[in-house]
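Notes follow the structure.
The values are calculated or read from the model by the stated rules, or taken from the named source; none is laboratory data. Just so it is clear, the structure is predicted and the values come from calculations on it, not from any experiment. Don't worry about glycine lacking a Cβ; one is built from the backbone with ideal geometry, like all the others, and counts go over all protein chains shown. These accessible areas exclude ligands, DNA and RNA; they are computed on the full protein's heavy atoms, side chains included. Shrake-Rupley method; radii C 1.70, N 1.55, O 1.52, S 1.80 Å.
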Amino acid sequence: MKILVVGGGGREHALIRKIKESPKAEKIYCCPGNGGIGADAQCVPIAAVDVQGVVKFAKENQIDLVVVAPDDPLAMGMVDALDAQGIMTFGPRKIAAEIESSKVFAKNMMKKFGIPTAAYEVFDKAEKALEYIEKNNQFPVVIKADGLALGKGVIIAQNLNEAKGGIHEIMEDKVFGASGNNVVVEEFLTGPEVSVLAFVDSKTIVPMVSSMDHKRALDGDQGLNTGGMGTIAPNPFYTKEVADQCMETIFRPTVEAMNKMGRPFQGCLYFGLMLTPKGPQVIEYNCRFGDPETQVVMELLESDLVDIMEAIYRKDLKNCPVQFSSGAAACIVIASGGYPKAYKKGCPISGLDEQGQLPEVSVYHAGTKLENGQYLTNGGRVLGVTAKGASLEEALDKAYSSAEQISFEGAFYRKDIGARCKK
């Protein structure tokens, strides 16, 4: 098979490395890819959001399967456009991708179908939102931009001043563009956070191994929200009992709700959960593989990913084996100084081999480019150093000792990934 993966970050690199293991994968392309992905697939300079460019390339090159990994092209209807040309795709159609591309849609759906989530209100005027926050006087309070915002459109305001600043940034300064035309203001939930990615073919739901993301830039969950600074899997707070409860009260009801609304979901559905004292609740949905959750989840997947993707396309997931290895995985994200705000690009990276790798770990490239045989930084999150181990401690030790061997100007990473899970 000829397979095309759309995207150019660490998540896509992890998917490509897993696809490469399939005996069905004869040739892999990536649009646009990055410096490190080039060692595992042929990178094609077509932007991930260029729907017509991707469709044209897929047709001209007789691609057998297109994996649309990022949120933007899914929200734009790339799967619909490929499907219309008879090309097999992995990912939800535009109408189903709205579960991520509109927080308002997702919250209203949960309310309508009784799926447990934080209490909330929706506003299209800044002054009304602030009036509500002031009157409610419950802090911290969560403020979310309605649309896509690179995983950064959530502000947790500790007091009224921070709430005013957040509303002003999202709704008036439009730091996330039209995504901030509406906001969701919701109660702040407490408890351990869990990410659960699930393979879904609109009927069958197969949850993958659970994981824990670390969103804040700095140790001790300090600093700004990022796209994710590291992950571990499995998440020790996600017991079998909790998993059964989530299937009953969240996973199955969500997929059934989407069907009832005429928006059948096929692809990877990501459940961002909070294990509150009242039970598991949904913080957010994503309509695709998370980043950097994919890096640890793919590290533990034993089954053939291409087989799974084909089964989902045929709506035959129930007959496809999906197995994960025991043990644990950890991913340490090495970022550029200044991330998630302004950062320098083009810094030479030292410590990697010619393939952009290190022994005993998988180095997934997120923001790199390759020039004259030298890997250079080309993004905020640069590398995801990922390791497997019989235990979480072993996986973390391997990942951290490898991360220490890599350096570039301004490089930083959190030193406490998985720390709250260590026994």
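Determine whether region 184-207 contains at least one residue that is within 27 Å of residue 415 (Cα to Cα) and exposed (fewer than 15 other Cβ atoms within 10 Å of the Cβ).
There is at least one residue in region 184-207 that is within 27 Å of residue 415 (Cα to Cα) and exposed (fewer than 15 other Cβ atoms within 10 Å of the Cβ).
Among the candidates 47, 41, single out the residue that is more than 22 Å from residue 312 (Cβ to Cβ) and touching a Gly at 6+ places or on another chain (Cβ under 8 Å).
Checking each option against the conditions leaves just 47.
Pairs needed: first member in region 61-85, in contact (Cβ under 8 Å) with a residue 40 or more places away in the chain and closer than 16 Å to residue 269 by Cα; second member anywhere, among the β-branched types (Val, Ile, Thr) and open to solvent by 40 Å² or more (accessible area, probe 1.4 Å); C-beta distance under 6 Å; at least 6 residues apart or different chains.
72/49; 73/49
For region 300-320: of the residues being open to solvent by 10 Å² or more (accessible area, probe 1.4 Å) and in contact with a helix residue (DSSP H, G or I) (Cβ under 8 Å, 6 or more places away or on another chain), which is nearest to residue 214 (Cα to Cα)?
320
Report, by residue number, each residue of region 24-51 that is in a loop (DSSP other than H, G, I, E, B), open to solvent by 30 Å² or more (accessible area, probe 1.4 Å) and of a type outside the set (Val, Ile, Thr).
Hits for region 24-51 are 24, 26, 45, 47, 50.
Given the structure, is residue 285 open to solvent by less than 20 Å² (accessible area, probe 1.4 Å), of a type in the set (Phe, Trp, Tyr), touching a residue at least 60 places away in the same chain (Cβ under 8 Å) and under 30 Å from residue 98 (Cα atoms)?
Here the answer is yes, as residue 285 does meet what is asked.
Any residue at all in region 382-400 that is under 21 Å from residue 216 (Cα atoms), basic (Lys, Arg), crowded, with 20+ Cβ neighbours inside 10 Å and in contact with a strand residue (DSSP E or B) (Cβ under 6 Å, 6 or more places away or on another chain)?
no
Among the listed residues 338, 346, 290, 262, identify the single one that is out of contact with any His (no Cβ under 6 Å at 6 or more places or on another chain), more than 23 Å from residue 401 (Cα to Cα) and open to solvent by less than 20 Å² (accessible area, probe 1.4 Å).
Every option except 290 fails the conditions.
Examine region 211-218 for a residue that is farther than 21 Å from residue 245 by Cα, among the hydrophobic types (A, V, I, L, M, F, W, C) and at pLDDT 90 or above, and state whether such a residue exists.
Scanning region 211-218, I find at least one residue that is farther than 21 Å from residue 245 by Cα, among the hydrophobic types (A, V, I, L, M, F, W, C) and at pLDDT 90 or above, so the answer is yes.
Do you know which residues across region 167-181 are aliphatic (A, V, I, L, M) and open to solvent by less than 40 Å² (accessible area, probe 1.4 Å)?
Of everything in region 167-181, those that are aliphatic (A, V, I, L, M) and open to solvent by less than 40 Å² (accessible area, probe 1.4 Å) turn out to be 167, 170, 171.
So for region 209-229 (the condition being outside any helix (DSSP H, G or I), open to solvent by 10 Å² or more (accessible area, probe 1.4 Å), over 26 Å from residue 366 (Cβ atoms) and touching a helix residue (DSSP H, G or I) at 6+ places or on another chain (Cβ under 7 Å)), does at least one residue qualify?
no
Please return the ranges of strands (runs of 3 or more DSSP E) entirely within region 60-166 where 3 or more residues are of a type outside the set (S, T, N, Q), under 30 Å from residue 312 (Cα atoms) and open to solvent by less than 10 Å² (accessible area, probe 1.4 Å).
It comes to 65-68.
Within region 403-423, work out how many residues are within 23 Å of the chain's Cα centre (by Cα), closer than 22 Å to residue 325 by Cβ and in a loop (DSSP other than H, G, I, E, B).
So the answer is 2.
Checking the structure you have, find out if any residue of region 5-12 is buried (at least 20 other Cβ atoms within 10 Å of the Cβ), farther than 26 Å from residue 384 by Cβ and modelled with pLDDT of 95 or more.
No, region 5-12 contains no residue that is buried (at least 20 other Cβ atoms within 10 Å of the Cβ), farther than 26 Å from residue 384 by Cβ and modelled with pLDDT of 95 or more.
Does region 384-402 include one or more residues that are farther than 23 Å from residue 299 by Cα and either over 25 Å from the mean Cα position of the chain (by Cα) or of a type outside the set (D, E, K, R) (or both)?
No; the residues of region 384-402 include none that is farther than 23 Å from residue 299 by Cα and either over 25 Å from the mean Cα position of the chain (by Cα) or of a type outside the set (D, E, K, R) (or both).
If you scan region 112-145, which residues turn out to be farther than 24 Å from residue 249 by Cα and charged (D, E, K, R)?
Selection gives 124, 125, 127, 128, 131, 134, 135.
Yes or no: residue 21 among the acidic types (Asp, Glu), open to solvent by 30 Å² or more (accessible area, probe 1.4 Å) and within 20 Å of residue 303 (Cα to Cα)?
yes
Which numbered condition in (1) part of a strand (DSSP E or B); (2) open to solvent by less than 10 Å² (accessible area, probe 1.4 Å) is the only one that residue 255 fails?
Evaluating residue 255 over (1) part of a strand (DSSP E or B); (2) open to solvent by less than 10 Å² (accessible area, probe 1.4 Å) leaves (1) as the failure.
For region 267-279, state whether one or more residues are under 15 Å from the mean Cα position of the chain (by Cα) and of a type in the set (Lys, Arg).
Scanning region 267-279, I find no residue that is under 15 Å from the mean Cα position of the chain (by Cα) and of a type in the set (Lys, Arg), so the answer is no.
Report whether or not residue 245 is buried (at least 19 other Cβ atoms within 10 Å of the Cβ) and part of a helix (DSSP H, G or I).
Against the criterion (buried (at least 19 other Cβ atoms within 10 Å of the Cβ) and part of a helix (DSSP H, G or I)), residue 245 does not qualify.
Working only within region 258-279, note down all residues that are of a type in the set (A, V, I, L, M), closer than 23 Å to residue 309 by Cβ and not in a helix (DSSP H, G or I).
Matches in region 258-279: 269 only.
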